[in-house]
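Trainee: Once you've had a glance at the structure underneath, I'll fire off some questions.
The values are calculated or read from the model by the stated rules, or taken from the named source; none is laboratory data. Given the structure is predicted, the values throughout are model-derived calculations rather than measurements. Glycine also receives a Cβ, built like all others from the backbone with ideal geometry; neighbour counts cover every protein chain displayed.
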Amino acid sequence: MKKTVRVIAFLAFIGLVSFSCKKTLSTAERVKKVWVARVVKENSTIVYSSGGSNNIKPSYSGYRLNLSSAPTAIISEIDGQSYTGTYTVEGDSKIIISGITPEPTGTGGVLEFDIVSLAEDNSELVVKLSTAYPKTGNTTNEYTLIAQ
């Protein structure tokens, strides 16, 4: 009888532990959202801050990075132009958008973003372009994005 109670107690403990563990989402699953600009830096200079009154480039208020329908990515740029491509996430470190149409000048149809950080609650994503971006005057851009 005591042995049966111990076995049942042990199985109940294992069941509780397994149900209490959270499922860990991959980075690809965590970034699958529509992201909007909160802060944008060009060559380390803040050119846009959401709600800021002295923004150098207020048009970043229209910047969107839509990764919600994997593998399709839609980028809404500061000039109002939208670009569509296919994205992949490499580990925890990169988001690569390729086959972008229309092709942003000087990109070869590919944009690579290094993932600087991703908030634990998936509400903020900081990415930095791996190379200078011809569309913004060959600046190296860092985007602090928030989930919409």
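Trainee: Could you run through segment 69-128 and say how many residues are small (Gly, Ala, Ser) and over 21 Å from ILE146 (Cβ atoms)?
Mentor: Total satisfying the criteria: 7.
Trainee: Mind telling me which of the residues ALA73, ALA37 ends up being modelled with pLDDT of 95 or more, under 19 Å from SER117 (Cβ atoms), outside any loop (DSSP other than H, G, I, E, B) and under 22 Å from the mean Cα position of the chain (by Cα)?
Mentor: Going through ALA73, ALA37 in turn, just one is modelled with pLDDT of 95 or more, under 19 Å from SER117 (Cβ atoms), outside any loop (DSSP other than H, G, I, E, B) and under 22 Å from the mean Cα position of the chain (by Cα): ALA37.
Trainee: Let me ask you something else. Within the group TYR83, TYR143, which residue is crowded, with 18+ Cβ neighbours inside 10 Å and either assigned to a loop (DSSP other than H, G, I, E, B) or without any contact (Cβ under 8 Å) to a residue 24 or more places away in the chain (or both)?
Mentor: Answer to the check: TYR83.
Trainee: Do we have any residue at all in segment 102-125 that's more than 18 Å from the chain's Cα centre (by Cα), closer than 16 Å to VAL40 by Cβ, in contact (Cβ under 8 Å) with a residue 40 or more places away in the chain and surrounded by 13 or more Cβ atoms within 10 Å (Cβ to Cβ)?
Mentor: Scanning segment 102-125, I find no residue that is more than 18 Å from the chain's Cα centre (by Cα), closer than 16 Å to VAL40 by Cβ, in contact (Cβ under 8 Å) with a residue 40 or more places away in the chain and surrounded by 13 or more Cβ atoms within 10 Å (Cβ to Cβ), so the answer is no.
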